[in-house]
Amino acid sequence: MNIAWIGTGIMGGAMMCHLKKAGHEVFAYNRTKAKALAYADQGIHVCDTIGECVESADVIFTMVAYPRDVEEVVETILAHAKTGSMVIDMTTSSPTLAKRLYENGKNQGIAILDAPVSGGDSGAKAGTLSIMVGGDEDAYTKAVPLFQTMGTPHYMGEAGAGQHTKACNQICVAGAVAAMSEAVHYARKNHLDAKQMLEAIAGGAAGSWQINNTAPRVLNEDFAPGFFIKHFIKDMHIVQEVMKEHGENLQMLDSVCAMYEALADQGHENDGTQGLIRYYES
Ligand code: NAP
């Protein structure tokens, strides 16, 4: 199959390589070309424009950053993609935008799925992501073998349902990353060895992905992204916008979002989300 991949950053680059390893021809485009060229020695064809990248593709994946990037990139794709092709957006983006793009694609005979993921940079490399998919079920069924190269797909319903599921995921992540950070801060304040404390609680009722995967980066004072603080703030703003439509807000998420916004204001927006510990320690 001819695959186009737009957005070869931390997540997209690793995910795209699983499709190549599964035997597909992969054509890649990234705004900063060097990030796509980094994969040329793995047999990825690097393109100069989105048009060149998608014109002969059967399936086109996007893994960019913000909803505005998704909108811009998908509009360009729709101007160049062949009728009958499929677009799969794996960016964490807005459910409302996903529904609108789905309708635009449908008018052109191009199926669009929203398929955001969870599992972090480690899950992208290992091919163990959880993939939450919205859109037409027949398009989903065709895409399942492609998704299975990257992880485990879950069909969630109509267009936008994948993004709504990812919003639920991010609500849980907000609580889990704050809980882990507060436990580490408490341990340090009370003369416990934080590593020993985490080992003791990881196997009990407090165990979590954040304790297993993010806490070691906290203990090593490694604040490189994994998952950018700026992207997590974007995700929490998406949740807040959706809940505002219901006239509600989510207190835990709002409080975690405010802490990350304070860190971003201090210049930490390009750190990984494990940098939340700095909020407590500053
Ligand atoms: P990233 O490293 O910033 O990757 C995004 C890539 O998309 C960058 O290489 C960027 O190019 C490219 N891009 C952005 N806008 C573009 C455009 N208009 N045209 C072409 N290329 C464009 O971020 P990431 O960590 O891979 O995350 C990607 C998405 O996945 C985000 O929505 C994030 O919230 C979500 N996500 C991340 C994780 C994680 O753990 N990292 C986990 C699950 C979901 P430039 O280099 O030019 O900026």
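Every number in this text was worked out from the coordinates using simple rules, so none of it is lab data. Given the structure is predicted, the values throughout are model-derived calculations rather than measurements. All Cβ positions, even for glycine, are placed from backbone atoms using ideal geometry, and neighbour counts span all protein chains on display.
Which of rounded, prolate or oblate describes the range 194-256 when judged by the alpha-carbon gyration tensor and an a/c cut-off of 1.5? It is oblate, given that a/c is not under 1.5 and a/b is not larger than b/c.
Placing unit charges on the Cβ atoms of the charged side chains and taking the dipole of the range 145-282 about its Cα centre, the candidate lying farthest along the positive direction among 272, 161, 246 is 272.
Measure out, as a whole number of angstrom, how far apart the alpha-carbon centroids of the range 125-139 and the range 157-236 sit. A separation of 23 Å, based on Cα centres.
Determine the gain in length on full extension of the stretch residue 130-residue 103; use 0.36 nm per residue of separation and subtract their C-alpha separation, reporting nm with one decimal.
7.2 nm
Among 200, 174, 38, the residue with the largest mean-square fluctuation in a Gaussian network model of the chain, with springs joining Cα atoms closer than 10 Å, is 200. Here is the size of the range 1-56 from its Cα atoms: Rg then Dmax, 9.8, 26 Å. Once the C-beta distance of residue 221 and residue 31 is scaled by a Förster radius of 35 Å, the resulting FRET efficiency is 0.70 to the nearest 0.05.
Quickly estimate the mean residue ellipticity at 222 nm for the chain, helices only: each DSSP H run with n ≥ 4 gives -39500 (n - 2.57), and the total goes over all residues, rounded to 500. The helix-only estimate for the chain comes to -16000 deg cm²/dmol at 222 nm.
Computed from the C-beta positions of residue 246 and residue 195 and an R0 of 30 Å, the FRET efficiency is 0.10 to the nearest 0.05.
Note on the range 228-268: Rg/Rh from C-alpha atoms, Kirkwood Rh, equals 1.01.
By the Cβ distance rule (another cysteine Cβ under 4.7 Å), the unpaired cysteines of the chain are 17, 168, 172, 257.
Between residue 265 and residue 68, the contour length at 0.36 nm per residue exceeds the alpha carbon distance by 68.8 nm. What GluC sites (Glu not before Pro) in the range 233-282 are in a loop by DSSP, with at most 14 other Cβ atoms within 10 Å of the Cβ? Those that pass, being in a loop and sparsely packed, are 248. Full extension of the chain segment joining residue 148 with residue 212 gains 20.7 nm, where the gain is 0.36 nm per residue of separation less the Cα-Cα distance. Each part gets one Cα centre, and for the range 258-282 versus the range 4-64 those centres are 31 Å apart. Which FRET efficiency, nearest 0.05, do residue 172 and residue 280 yield, Cβ-Cβ r, R0 22 Å? Computed FRET efficiency for residue 172 and residue 280: 0.60.
Is the C-alpha gyration tensor of the range 36-118 telling us rounded, prolate or oblate? Criteria: a/c under 1.5 is rounded; beyond that, a/b larger than b/c is prolate, otherwise oblate. Here the range 36-118 falls in the oblate category.
For the range 41-189, the calculated P(r), taken from all Cα-Cα distances in 5 Å bins from zero up to the bin holding the longest distance, is 2, 10, 17, 20, 19, 13, 7, 4, 3, 2, 1, 0, 0 percent.
Just the C-alpha atoms of the chain: what Rg/Rh do they give, with Rh taken as the Kirkwood radius? Numbers along the way, then the final one.
Numbers: Rg = 19.4 Å, Rh = 19.5 Å.
Rg divided by Rh gives 0.99.
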